[in-house]
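Structure first, then comments.
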Amino acid sequence: MRDDLMGSWQQMSKIRDHFAHEPEELRLKRLELNQAETRVHNFIEFIASGRATPALADALAQAEEQVKSLTSDVTALEAAKAIGSRRRRAPGSRIGSAS
């Protein structure tokens, strides 16, 4: 019994270590997304002020693609985080259940 508990504890520790980097990675992706969104906003403001050029339009399109890609990355990391947190809960335990 004690060996089973130690094995389970070691396995849980490995899982926790495996997912430990995710919060920082998610924070950095969100920061990068925010910066890309700001860049898009700035390009739009620049174009709206009447200073549009073909190069600026290309830069805007690239920035919008970057926002799309980063949004997808953030969504995937958030989903992985949600799955990881569900797995960390003890089997059979329910939040808010009366015991």
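Out of L33, L70, L60, which single residue is touching a Phe, Trp or Tyr at 6+ places or on another chain (Cβ under 7 Å) and either surrounded by 11 or more Cβ atoms within 10 Å (Cβ to Cβ) or among the aromatic types (F, W, Y) (or both)? Criteria check complete, one pass: L60. If the condition is being within 28 Å of R27 (Cα to Cα) and among the polar types (S, T, N, Q), then region 37-73 contributes T38, N42, Q62, Q66, S69, T71, S72.
Would you tally the residues in region 41-86 being free of Cβ contacts under 8 Å to residues at least 12 places away in the same chain and in a helix (DSSP H, G or I)? So the answer is 22. Exactly one residue out of I95, I83 is at pLDDT below 90 and within 13 Å of the chain's Cα centre (by Cα): that is I83.
The values are calculated or read from the model by the stated rules, or taken from the named source; none is laboratory data. What you are looking at is a predicted structure, and each value in this text was computed from that prediction instead of being measured. We place every Cβ from the backbone using ideal geometry, glycine too, and count neighbours over all the protein chains shown.
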